[in-house]
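J.: Got a structure for you, questions after.
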Amino acid sequence: MGRNKTHLYNGEFKSDSEMIEIFRIYDKEIWKDRGNNFDIVRTKTIYANGGEIKLSSNIFLLNELIIICAVICGHEYISLKRLSGIHVSKVEVSLHYMMQLILTIFKLLDNSEKKGAAILLTIPSSSFWVDIKTWITPESHEHNNESFNKITLIIPIMNSSSKSVYGITRRLHEFCSSTSNSNSSYKIPFININFYELKMRVSPFKLKPISHTSNSSCGEQVIVFMRDDYSDKTSNRIPSKSLPKARKPVKDNLSNNISPNLKIIRNDVTFQKYTNARMFRSTNVETNETYDVHGKGFCSLFQNEWLHSDIVDSYLNEWRLRMKKQFDDYINNNKTRYKIYNTLLYTRLTRGMTRNSTKDLDVNSLYQLQMNAKRISAEKVYPSSPVFNSIFDFNCLIVPIHATNHWLTAIIYQPKNCLKCKHDDASMESEDNDCTYIIIYDSLTSNFFSKNEFHTFVLIQYIKACSRSLKEKYPEDNFYFDEGKVRTAELKDAYRQNNSDDCGLYMLEFIRQVCLNPDSLGKLAKGQSMKDVFPTFNATPGRSYLKSFVYSRLSLKDWSKLYEMEEYYLTKVRNKRFRYLRTRTYECIDWSRIKHTRRILARTRCYSV
């Protein structure tokens, strides 16, 4: 396990330079000519099987060693432990950890939240516990259990620089490869796995990754692969580039023929049963609404289908929940406050209108729009929070729009800037005299689809109605709505879809980019290129991710139903070709460099009946 040394401790957390001087005195061979060839994990506390351990210095990572300096509880000594690779069976890097009480609980979040990371070392040797038990603090003495057959050492990474975190990850690669122990492994965190790229890598093996799951009892996480029973060839269907027309329901394209290749969904009757069945329920924490997501929503994730509103809202609920957590600590943070409306807002605003263009807008349609906006503006904007009373308490309003069988996104940025005081020309926003910006993102390229002017007009009527509602609630406040302060920001170099099916995916990817970095909206409003502001924008893996999202909401026993729903759809609607099994031999070499000949099942292509 490496030599264990003790040194006197004065109670102060030692600097990195102090520790390096100690290392050079007691470990001359290791630190001779070492220079800066090491990385530092900045942390003051680590955990062993849940027990808390106080450190006297940061942790040092070498290619072949991990050096830990812990405080021996009840004594004025530092215990210096050198941990080598041959004693570690697994090394993991878990991005984003969260500690609750003294127990260590991991919660995988989006990689852009920057909540930190942790190193997990699995040590199969119970002899290491001889040192561990002297390190554990008295407050967590209940974790001092020598019956453990393995030790999980959790090292929180408090480094703020992404460059230093990258250096730690690279150093751990070297640490794992510095030993001949074949059991040692480096586990890529799931948060870094690109499922679209992974799908491309495994597709030659007739496999496809569909989701990942975890075992809470042991902390293991697993990527789930299923066989891909279909070739990449589809029918000669060419996506239409004209104005989207209403599509026939999926059931109209199905037949009553029994599929011999599936066990659960073998005909259209069974398919329709699961299509109409409720899959899971999702809650909107902003409005306390609940959405029942049915099988038809899952079917909208299949190839060339248009995204269903159930899927859109259930996915956006995850971002709403994340925003609510910021609201819970509103007083103690200065983060950008955004609200995501449900997919029905725009539909409700335009309900009853006989015109959908500003050029031929008649009096009746305008009156209907104003009445709709007035009614909606009187509703509570955020019932679960007493802090936010109107849309003007938010920095950003995100409005998913479904119009003429097409998804697009509207952003109202800094809505408060369009309110002005009556007694002076200054905006109510004393620190920012900019305008209110309306940003419309439409991923279609043709100007024929563009109704941005009308969408902007509808949203301005909504903002105006909200200002009147606020005035009725607080008549003593001397302000008024200044429509001249509302500007339209045209997106420069916008990302465009190259088919007629993926508008919903582009909309969700745009919303995701905005939620990850709401401050970027100011750059878009000032005319910066969308491709420069959102360089990681990628809607291509959207269907795969959303299918993974649906799988994660259902129990494992229901996954086969989802899988067969998609397979039945691919053969009956998209005319995919089924592959039949045959055997094939191949040679492989094991860890001992012994060659083996094995036989596997492969699939040969044959048109389905």
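The values are calculated or read from the model by the stated rules, or taken from the named source; none is laboratory data. This one's a predicted model, so the numbers in the text were calculated from it and none came from an experiment. Heads up, the Cβs are rebuilt from the backbone with ideal geometry, glycines too, and the neighbour counts pull from every protein chain shown.
J.: Got at least one residue in segment 461-476 being in contact (Cβ under 8 Å) with a residue 12 or more places away in the chain, within 27 Å of L307 (Cα to Cα) and either in a strand (DSSP E or B) or not acidic (D, E) (or both)?
T.: Yes, there is a match, as at least one residue in segment 461-476 is in contact (Cβ under 8 Å) with a residue 12 or more places away in the chain, within 27 Å of L307 (Cα to Cα) and either in a strand (DSSP E or B) or not acidic (D, E) (or both).
J.: Also: When segment 470-485 is examined, which residues are found to be surrounded by 12 or more Cβ atoms within 10 Å (Cβ to Cβ) and basic (K, R)?
T.: Within segment 470-485, K471, K485 meet the criteria.
J.: Moving to a separate point now. Within the bounds of segment 497-510, is there any residue that is farther than 22 Å from L345 by Cβ, surrounded by fewer than 20 Cβ atoms within 10 Å (Cβ to Cβ) and either touching a helix residue (DSSP H, G or I) at 6+ places or on another chain (Cβ under 9 Å) or outside the structural domain of K374 (by TED's automatic domain parsing) (or both)?
T.: Checked against the condition, which is being farther than 22 Å from L345 by Cβ, surrounded by fewer than 20 Cβ atoms within 10 Å (Cβ to Cβ) and either touching a helix residue (DSSP H, G or I) at 6+ places or on another chain (Cβ under 9 Å) or outside the structural domain of K374 (by TED's automatic domain parsing) (or both), segment 497-510 yields at least one hit.
J.: Which of the residues that make up segment 486-496 are in a loop (DSSP other than H, G, I, E, B) and either outside the structural domain of G527 (by TED's automatic domain parsing) or surrounded by 18 or more Cβ atoms within 10 Å (Cβ to Cβ) (or both)?
T.: L491, A494 - these are the residues of segment 486-496 that are in a loop (DSSP other than H, G, I, E, B) and either outside the structural domain of G527 (by TED's automatic domain parsing) or surrounded by 18 or more Cβ atoms within 10 Å (Cβ to Cβ) (or both).
J.: List the pairs whose first member sits in segment 502-515 and is touching a residue at least 12 places away in the same chain (Cβ under 8 Å), whose second member is part of a helix (DSSP H, G or I) and surrounded by fewer than 24 Cβ atoms within 10 Å (Cβ to Cβ), and whose Cβ atoms are under 6 Å apart, counting only residues at least 6 apart or on separate chains?
T.: Partner pairs satisfying both residue conditions: L505/G542; C515/W319.
J.: Follow-up. Is it the case that L508 is touching a Ser or Thr at 6+ places or on another chain (Cβ under 8 Å) and outside any loop (DSSP other than H, G, I, E, B)?
T.: no
J.: Now for a different question. So, of the residues in segment 414-451 that are at pLDDT below 55 and of a type in the set (F, W, Y), which turns out to be surrounded by the fewest Cβ atoms within 10 Å (Cβ to Cβ)?
T.: F448
J.: While we're on this one: Which residue is nearest to L508 (Cα to Cα), if the candidates are limited to segment 557-569 and must be of a type in the set (S, T, Y) and either loosely packed, with under 15 Cβ neighbours inside 10 Å or within 23 Å of the chain's Cα centre (by Cα) (or both)?
T.: That would be Y563.
J.: If I ask for residues that are part of a loop (DSSP other than H, G, I, E, B) and closer than 20 Å to M158 by Cα, which ones from segment 11-35 would you list?
T.: Correct list: E12, F13, K14, S15.
J.: Give the residues of segment 526-549 that are in a helix (DSSP H, G or I), touching a strand residue (DSSP E or B) at 6+ places or on another chain (Cβ under 7 Å) and not aliphatic (A, V, I, L, M), sorted by residue number.
T.: K547, S548, listed by residue number.
J.: Name the residue, out of R375, R348, R355, that is of a type in the set (D, E, K, R) and modelled with pLDDT under 90.
T.: R355
J.: For the subset of segment 515-533 comprising residues that are in contact with a Ser or Thr (Cβ under 7 Å, 6 or more places away or on another chain) and either at pLDDT 90 or above or aliphatic (A, V, I, L, M) (or both), which member is surrounded by the most Cβ atoms within 10 Å (Cβ to Cβ)?
T.: V533
J.: Could you give every pair whose Cβ atoms fall below 7 Å, whose first residue belongs to segment 352-366 and is surrounded by 11 or more Cβ atoms within 10 Å (Cβ to Cβ), and whose second residue is hydrophobic (A, V, I, L, M, F, W, C), counting only separations of at least 6 or pairs across chains?
T.: Within 7 Å, the pairs are M353/L369; R355/L361; N356/F454; S357/F454; T358/F454; T358/F457; S365/M353.
J.: Being over 30 Å from D558 (Cα atoms) and touching a Leu at 6+ places or on another chain (Cβ under 6 Å) is true for just one of K359, K339, K380, K374. Which residue is that?
T.: Every option except K339 fails the conditions.
J.: Another one. Check whether at least one residue in segment 538-556 is farther than 27 Å from N498 by Cα, without any contact (Cβ under 8 Å) to a residue 24 or more places away in the chain and either polar (S, T, N, Q) or surrounded by fewer than 19 Cβ atoms within 10 Å (Cβ to Cβ) (or both), and report yes or no.
T.: Scanning segment 538-556 turns up at least one residue that is farther than 27 Å from N498 by Cα, without any contact (Cβ under 8 Å) to a residue 24 or more places away in the chain and either polar (S, T, N, Q) or surrounded by fewer than 19 Cβ atoms within 10 Å (Cβ to Cβ) (or both).
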